[in-house]
Amino acid sequence: MEKFSVIEFGNNIIHQQNAIQFNQSPQPSFNKNFEMLINNLKENKTKGYKNYFFTDNPKQADRLFTIFDDMLAKEHRTHESLIEYLSLNIHEGFVDHDIKVACYTDHQIFERYHRFRLKETKQKTAQSITLKEILSLSPGDFVTHIDHGIGRFGGLHKLNVNNKTQEVVRLVYKDNDILYVSIHSLHRISKFSGKEGNVPRIDKLGSTTWATLKQKTKRNVKELAYDLIKLYAKRKAQPGHAYPQDNYLQHELEASFIYEDTPDQIKVTADVKKDMQKPHPMDRLVCGDVGFGKTEIAVRAAFKAVCDSKQVAIMVPTTILAYQHFKTFQERLKDLPCNIDYINRFRTAKEQKEIIEKLAAGKIDIIIGTHRLVSKEIKFKDLGLMIIDEEQKFGVGIKDKLKLIRTTIDTLTLTATPIPRTLQFSLMGARDLSVISTPPPNRYPVQTELSIYSEELIRDAVSYELKRGGQVFFVHNKVQNIAEIAGMIQRLVPDARVGIGHGQMDGDKLEEVMMRFMEGSYDVLVATTIIESGLDISNANTIIINDAQNFGLSDLHQMRGRVGRSNKKAFCYLLAPPQVSLTNEARKRLKAIVEFSDLGSGFQIAMRDLDIRGAGNLLGGEQSGFINDMGFDTYMKILNEAVGELKEENWYKDTVGEDNTEDSGKAVFSRQFVKETVIDTDLQLLIPDSYVENLTERLILYRELDNITKEEELKLFEENLRDRFGPVPSEAIELINVVRFRWKAMSLGFEKITLKGTKMLAYFVAQKDSAYFATPIFHAVMTYAQKYKHLSRIKEQNEKLMLAIEDVNSISKATDVLIKMESLIEKN
């Protein structure tokens, strides 16, 4: 055979005299019994065979070897004595008896799917652009400048300053007053996002209204943040239960997951475990789009708690979901020592009584249920972890009860559409947040189409899905005529088996319908939004939503998430009246859901949802007024500023304590006396038109550059420029150097630096009694002024102290001056 490059197998094989024997057998099956596997490996060893383990996932190899090492510990050997690891992916394991080689694959040992790789499509780019579009500015948009208030964006403009061209952003205020904002201060501008349809009041430049509003908001926010931080600090100070490191059962559970972990899942699992191993209560929010594997993270966390003899309560918003989670948990933990049960209104009174007794006696490890779990009658023997699914669906009373639980017990909250409130709290550091944004391999985005109500479309969609052996959800949210809709579908597609489900049905009846749909006895399920939360039926790949204009964005997104949970292409049809007759808000909602049909768009949808709903419920009713007055982003800036100021105060250090093990001398350097340095210059600093022609793109680059805070990010920015647009021109290089210059100026305590002609003016901290003037930093600047008397002098103007330095005509020279000052600090 070696002479030929192609060998064909087919019906017309020529019969040859000499047959070739392949002396091979397939990899034996071990049913995840690792003792059997180890005995098999030992047996091979004694026969003189070499054992190889194939996987291209190092995490899997680690898991398997940890299990092996645990089991071989009593014989004082490790896995290396039995098997070698090859970082390759083969389709099936085999034993070759001639050359004495036994090859095992991880997916056969752990009985999971063998993962095939889809060609990477260009999804990523499309997704990032949409987010860019939301944040990007177009002329006429309302913007908020943190010092001057709300105006309209007037685009990028070129100004001639001392015969040098500079690019600035033009803002138009009341009475057509114009404000030019330097591209070094773009971070002070943000797009106005209040309640959609709410037109903000444009401010007058130089009036006091904006300053007063800002002060008032800040005072208010400070009180709010004070309470929040207190609560957070209280939790951090509470003694909680610190769980031990993972044991071999935990490794076994994680290795038996039939899908491959996505990078985000690996990271979030690690975050959750790290929190659980700390000696204070965990309160982590996991945000992951529908079907991105949040439940798996919950399973792992729950089992970790059970391994340490603690009980776990899993709270879900609907009875159906309780049953579904019960099924999932039961399936995942079936071979492990763990008792799982669920409690909902479908269980009989006798069963419920039994479950409550078992819980109190500690005979149930994991209990799944609705809000009944926080009622008085339910007592736990030793509750260690509370998992809450879709918290925003619970009422205020329940949420308050959960708040109490949170301060003493580890809590893990899962949500697919982060409501603004939880989302933003988390970003602020009053709660820990993890995001899962990578879809599982082999998933396609759901194709979403908006259409007017049409029986033809319904008939075609249902017939197509049934032809390929799938099932269909039809969402109709009016109980009174739901039966007519079901009849209509039966009329259009006579061979479809149609079921009806809604919340007003008898509990058992509803469960039966859902169960039959899950088992495939129905082809079409006509239901109200009861299907929205968490039904997981991988065979249902078409959903039709009637009167889509009446649903909120997050509801639409959740319902769409019911389909497309396998590797089949899924469809979502939104039926709504003609666009003309819809309200402005409904039009925007439907546009948003169709725009973001990509995987992992839940997060963007939430961002858009913030815009649409107005971020009023972010921090309670009173704040919504402020948010609508100044726009969400600016409000967040003020919130962060307020939190920053609180952290500087002594009570904060006493309450939360500082992670400051350094001596107090070093602490002075790390303290930032200046939050921001304003740079005013007549140098030609810009990205030339000839380099980046597109205006919007240039603005995006300016904003990106202005928000960079780390040296690595700056280098990456420069690399990306070179990569996208070619060699970087000198003006743009100088522009990038300004960012470095600004960082140095901030650390040296200069509030403003003017660079004009050949002169540099550096203004010190304005607050005269600031601790800054007693620091080695100020002392070093003074030493510099004395050392270079011929070039520099200290002067006071309008009660502002400044340092004037001659012979500075470029950014690089100005940077050199600051470097010399820094070197003097070291000496001091």
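What number of residues in segment 498-521 are in contact (Cβ under 8 Å) with a residue 24 or more places away in the chain, surrounded by fewer than 16 Cβ atoms within 10 Å (Cβ to Cβ) and more than 35 Å from the chain's Cα centre (by Cα)?
Total meeting the criteria: 4.
How many residues does segment 478-518 hold that are of a type in the set (Val, Ile, Thr) and assigned to a strand (DSSP E or B)? Break it down into steps so the answer makes sense when it comes.
Looking only at segment 478-518, we keep the residues that are of a type in the set (Val, Ile, Thr), and these are 479, 482, 485, 489, 493, 498, 500, 513.
Of the ones still in play, those that are also assigned to a strand (DSSP E or B) are 498, 500.
Of the residues in that region, 2 qualify.
Given (1) under 27 Å from the mean Cα position of the chain (by Cα); (2) surrounded by 18 or more Cβ atoms within 10 Å (Cβ to Cβ), where does GLY552 come up short, assuming only one miss?
Just one mismatch for GLY552, condition (2).
Can SER747 be described as touching a residue at least 60 places away in the same chain (Cβ under 8 Å), small (Gly, Ala, Ser) and surrounded by 13 or more Cβ atoms within 10 Å (Cβ to Cβ)?
Details: touching a residue at least 60 places away in the same chain (Cβ under 8 Å): yes; small (Gly, Ala, Ser): yes; surrounded by 13 or more Cβ atoms within 10 Å (Cβ to Cβ): yes.
For SER747, the condition - touching a residue at least 60 places away in the same chain (Cβ under 8 Å), small (Gly, Ala, Ser) and surrounded by 13 or more Cβ atoms within 10 Å (Cβ to Cβ) - is met.
In segment 29-44, how many residues are touching a helix residue (DSSP H, G or I) at 6+ places or on another chain (Cβ under 9 Å) and under 10 Å from ALA102 (Cα atoms)?
Kept after step one, since they are touching a helix residue (DSSP H, G or I) at 6+ places or on another chain (Cβ under 9 Å), are these residues of segment 29-44: 29-30, 32, 34-35, 37-38, 41.
Applying the additional criterion that residues be under 10 Å from ALA102 (Cα atoms) yields 41.
Matching residues across segment 29-44 total 1.
Having 2 or more residues that are closer than 23 Å to VAL272 by Cβ and touching a residue at least 60 places away in the same chain (Cβ under 8 Å) is the bar; report the strands (runs of 3 or more DSSP E) wholly within segment 338-396 that clear it. Quick ask: steps written out before the conclusion?
Numbers: elements: 340-343, 366-369, 383-389.
The strands (runs of 3 or more DSSP E) meeting that bar are 383-389.
Here's a check for you: in segment 673-703, which residue that is free of Cβ contacts under 8 Å to residues at least 24 places away in the same chain and under 29 Å from the mean Cα position of the chain (by Cα) is most open to solvent (accessible area, probe 1.4 Å)?
GLU697
I need the full set of residues from segment 19-76 which are assigned to a loop (DSSP other than H, G, I, E, B) and within 45 Å of the chain's Cα centre (by Cα), in order please.
Pass one, segment 19-76, residues assigned to a loop (DSSP other than H, G, I, E, B): 19-23, 27-33, 47-49, 55-57, 76.
GLN27, PRO28, SER29, PHE30, ASN31, LYS32, ASN33, THR55, ASP56, ASN57, HIS76, listed by residue number.
So, in segment 704-763, how many residues would count as being more than 26 Å from the chain's Cα centre (by Cα) and either of a type in the set (Lys, Arg) or outside any helix (DSSP H, G or I) (or both)?
Selection size over segment 704-763: 25.
Taking the conditions exactly as written (under 20 Å from THR165 (Cβ atoms), at pLDDT 80 or above and surrounded by 15 or more Cβ atoms within 10 Å (Cβ to Cβ)), does LEU735 satisfy them or not?
Working: under 20 Å from THR165 (Cβ atoms): yes; at pLDDT 80 or above: yes; surrounded by 15 or more Cβ atoms within 10 Å (Cβ to Cβ): yes.
Judged against the criteria, LEU735 is a match.
Given the criteria buried (at least 17 other Cβ atoms within 10 Å of the Cβ), at negative phi and at pLDDT 90 or above, does PHE34 qualify? Lay out the reasoning, then the answer.
Numbers: buried (at least 17 other Cβ atoms within 10 Å of the Cβ): yes; at negative phi: yes; at pLDDT 90 or above: no.
Against the criterion (buried (at least 17 other Cβ atoms within 10 Å of the Cβ), at negative phi and at pLDDT 90 or above), PHE34 does not qualify.
Could you tell me whether ASP536 is charged (D, E, K, R), open to solvent by 10 Å² or more (accessible area, probe 1.4 Å) and touching a helix residue (DSSP H, G or I) at 6+ places or on another chain (Cβ under 9 Å)? Let's see the steps before the verdict.
Working: charged (D, E, K, R): yes; open to solvent by 10 Å² or more (accessible area, probe 1.4 Å): yes; touching a helix residue (DSSP H, G or I) at 6+ places or on another chain (Cβ under 9 Å): yes.
In short, yes.
Filter segment 202-221 for residues that are of a type outside the set (S, T, N, Q), in a loop (DSSP other than H, G, I, E, B) and open to solvent by 70 Å² or more (accessible area, probe 1.4 Å); which is modelled with the highest pLDDT?
The first filter runs over segment 202-221 and keeps only residues of a type outside the set (S, T, N, Q), leaving 202-206, 210-211, 213-214, 216, 218-219, 221.
In the following step, the residues that additionally are in a loop (DSSP other than H, G, I, E, B) were identified as 202-206.
Next, only the ones that are open to solvent by 70 Å² or more (accessible area, probe 1.4 Å) stay: 204, 206.
On the way: LYS204: 90, GLY206: 85.
The selected residue is LYS204.
Restricting segment 144-201 to residues that are on the phi > 0 side of the Ramachandran plot and modelled with pLDDT of 85 or more, which is least open to solvent (accessible area, probe 1.4 Å)? I'd like the intermediate steps shown before the answer.
Filtering segment 144-201 for residues on the phi > 0 side of the Ramachandran plot gives 149, 155, 162-163, 175-176, 197.
Checking the rest, the ones that are also modelled with pLDDT of 85 or more come to 149, 175-176.
Details: GLY149: 0, ASP175: 105, ASN176: 120 Å².
Here the answer is GLY149.
Given the criterion closer than 25 Å to ALA242 by Cα and touching a helix residue (DSSP H, G or I) at 6+ places or on another chain (Cβ under 9 Å), identify the matching residue among GLN352, GLN324, GLN311.
Working: GLN352 fails: closer than 25 Å to ALA242 by Cα; GLN324 fails: closer than 25 Å to ALA242 by Cα.
The conditions single out GLN311.
Need the failing condition index for MET782 against (1) open to solvent by 40 Å² or more (accessible area, probe 1.4 Å); (2) more than 18 Å from ILE819 (Cα to Cα), just the number.
(2)
Residues in segment 264-278: is at least one farther than 18 Å from THR415 by Cβ, crowded, with 22+ Cβ neighbours inside 10 Å, out of contact with any helix residue (DSSP H, G or I) (no Cβ under 8 Å at 6 or more places or on another chain) and in contact (Cβ under 8 Å) with a residue 40 or more places away in the chain?
Within segment 264-278, the first condition is being farther than 18 Å from THR415 by Cβ, and the residues that meet it are 266, 270, 273-274, 276-278.
Keeping just the survivors that are crowded, with 22+ Cβ neighbours inside 10 Å gives 276.
Now drop any that are not out of contact with any helix residue (DSSP H, G or I) (no Cβ under 8 Å at 6 or more places or on another chain), which leaves none.
No, segment 264-278 contains no residue that is farther than 18 Å from THR415 by Cβ, crowded, with 22+ Cβ neighbours inside 10 Å, out of contact with any helix residue (DSSP H, G or I) (no Cβ under 8 Å at 6 or more places or on another chain) and in contact (Cβ under 8 Å) with a residue 40 or more places away in the chain.
Can you find a residue in segment 96-106 that is small (Gly, Ala, Ser), open to solvent by 40 Å² or more (accessible area, probe 1.4 Å) and at pLDDT 85 or above? It would help to see each step written out before you state the result.
Residues of segment 96-106 that are small (Gly, Ala, Ser), as a first pass: 102.
Retained after the next criterion (residues that are open to solvent by 40 Å² or more (accessible area, probe 1.4 Å)): none.
No, that holds for no residue.
Mind checking whether some residue in segment 342-350 is hydroxyl-bearing (Ser, Thr, Tyr) and open to solvent by 30 Å² or more (accessible area, probe 1.4 Å)? Walk me through it before giving the result.
Just the residues of segment 342-350 that are hydroxyl-bearing (Ser, Thr, Tyr), to begin with: 342, 348.
Applying the additional criterion that residues be open to solvent by 30 Å² or more (accessible area, probe 1.4 Å) yields 348.
There is at least one residue in segment 342-350 that is hydroxyl-bearing (Ser, Thr, Tyr) and open to solvent by 30 Å² or more (accessible area, probe 1.4 Å).
The values are calculated or read from the model by the stated rules, or taken from the named source; none is laboratory data. Only a predicted model underlies this, so the values are computations on that prediction, with no experimental measurement involved. Every residue, glycine among them, receives a Cβ derived from its backbone with ideal geometry; neighbour counts consider all protein chains shown. Quick note on the areas: whole protein, heavy atoms, side chains included, nothing else; ligands and nucleic acids left out. Shrake-Rupley method; radii C 1.70, N 1.55, O 1.52, S 1.80 Å.
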